[in-house]
1. How would you classify segment 127-166 from its alpha-carbon gyration tensor, with a ≥ b ≥ c the square roots of the eigenvalues: rounded for a/c under 1.5, else prolate if a/b is greater than b/c, otherwise oblate?
2. Please state the shape class of segment 1-63: rounded when a/c is under 1.5, otherwise prolate if a/b exceeds b/c and oblate if not, all from the C-alpha gyration tensor.
3. Given a 1.4 Å probe and every protein chain left where it sits, what share in percent of the accessible area of the chain is carbon and sulfur?
4. In whole angstrom, how far apart do the alpha carbon centroids of segment 26-63 and segment 98-173 sit?
5. When a/c reaches 1.5 or more, the comparison of a/b and b/c decides; with that in mind, is segment 76-224 rounded, prolate or oblate per its Cα gyration tensor?
6. Between the DSSP loop rule and a limit of at most 15 other Cβ atoms within 10 Å, which trypsin sites (Lys or Arg not before Pro) in segment 1-36 are left?
7. Let me spell out the model: positive unit charges on the Cβ of Lys and Arg, negative unit charges on the Cβ of Asp and Glu, origin at the Cα centre of the chain. What dipole size does that give, in debye rounded to 20?
8. From a point 7 Å beyond the Cα of residue 99 in the direction of its Cβ, which residues of segment 106-130 have a backbone N at a distance under 17 Å?
Amino acid sequence: MKFNHSNIKKSKFFLDKGHCVAIPTETVYGLAASAYSNRAVKKIYKLKKRPKYNPSIVHYSNLEQLKNDCILNKNFFVLYKKFCPGPITFILKLKKNSKISKYVTNNKKTLAIRFPKHALVRKLLKKLKYPLAAPSANISTKISPVSKEDVIDEFGKKIKFILDGGRSSIGLESTIVSLIKKPQILRLGGIEISKINRALKINLKFNKKRKKIITPGQGKTHYSPGIPIRLNIKRPKLDEAFILIKKRKSSAKNFYYLSKKKNLKEAAKKLYKTLRMIKKDNFKSIAVEKIPNIGFGEAINDRLIRASKF
Ligand code: TXA
Ligand code: MG
């Protein structure tokens, strides 16, 4: 995709003035503002109707910038070298003298950070004197946006500017790894756990039933299209949208395919778009075929389970 430099300038202009701008990333679009400005970060929470207790991810362009705000450790450097820039978020200890707004962290002593890979947002980050706090650019608990049109769908004209970077290539949020004590996977996402395990030479698993909520944003209801979803369905009802993992020979008006040949990466990319499309097509409920719980399938199932609890 060709970059429109005047759009990067425009984004910088609004961000420097303390406004929110929607930014493209390879995972999903984010609603961004200066992570160093209380006033700017408060605007994100207001627009998203996001509870204050749910901290945001901060997006950096380089290590030097990150060193001002966080304490880095060995596991971080291993994963950074392997996966950054890319769809992985780290939870690190916040430095005492960091300039990160208390509204980003909800006054906590840890920070979620990531280095997005999307070339347009990297270009923008390089031009800024501050990192960008950016939760996904959707109203709290709703479906995350993977294109400019989705962001407009969520917010209409309420955002000053949307930096159009085309369709997000991964289409699911970043994987979150806590590196505060022993490494822990807090959210499944754009990088499979098996790859993280290989890099760290350990055997982490995603614990769905964690008692204490340490990722406040991973509450039970999330990614919701606002209509009921039934999972692991073989035969849908006639008036129900039916999401399938693999294209079938016989098709029907209510069939929505996530991939041609059961490719889970392709399916992950299509998931949020498909949920949005079904809503637009005015279906009142959704049935989903069983999706293999391996690799990206685990992340897809995680999102669908949360989306079904609306
Ligand atoms: O792919 C992504 O990560 C996208 C793009 C825009 O970068 N961002 C994203 O942000 O998904 P958000 O706010 O929708 O999800 C961030 C998650 C939330 O569940 C939040 O609770 C968790 O990260 N989080 C943020 N800071 C945390 C912290 N210090 N400790 C534990 N969890 C944290
Ligand atoms: Mg989100």
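The values are calculated or read from the model by the stated rules, or taken from the named source; none is laboratory data. Computed from a predicted structure; not experimentally measured. Every residue, glycine among them, receives a Cβ derived from its backbone with ideal geometry; neighbour counts consider all protein chains shown. Areas reflect the complete protein model, heavy atoms only, side chains present, ligands, DNA and RNA absent. Shrake-Rupley method; radii C 1.70, N 1.55, O 1.52, S 1.80 Å.
1. Values: a/c = 1.88, a/b = 1.49, b/c = 1.26.
Prolate, since a/c reaches 1.5 and a/b exceeds b/c.
2. On the way: a/c = 1.82, a/b = 1.51, b/c = 1.21.
Taking the square roots of the gyration eigenvalues as a ≥ b ≥ c, segment 1-63 is prolate.
3. On the way: 8450 of 15860 Å².
Heavy-atom surface of the chain belonging to carbon and sulfur, 1.4 Å probe: 53 percent.
4. The distance from the Cα centre of segment 26-63 to that of segment 98-173 comes to 6 Å.
5. Details: a/c = 1.42, a/b = 1.34, b/c = 1.06.
Because its axes are fairly even, with a/c under 1.5, segment 76-224 counts as rounded.
6. Working: sites: 2, 9, 10, 12, 17; in loops: 2, 17.
In loop regions of segment 1-36 (DSSP not H, G, I, E or B), the sparsely surrounded trypsin sites (Lys or Arg not before Pro) are 2, 17.
7. On the way: 74 positive and 18 negative charges, 111 e Å.
Computed charge dipole of the chain: roughly 540 debye.
8. Counting only backbone N, you get 125-130.
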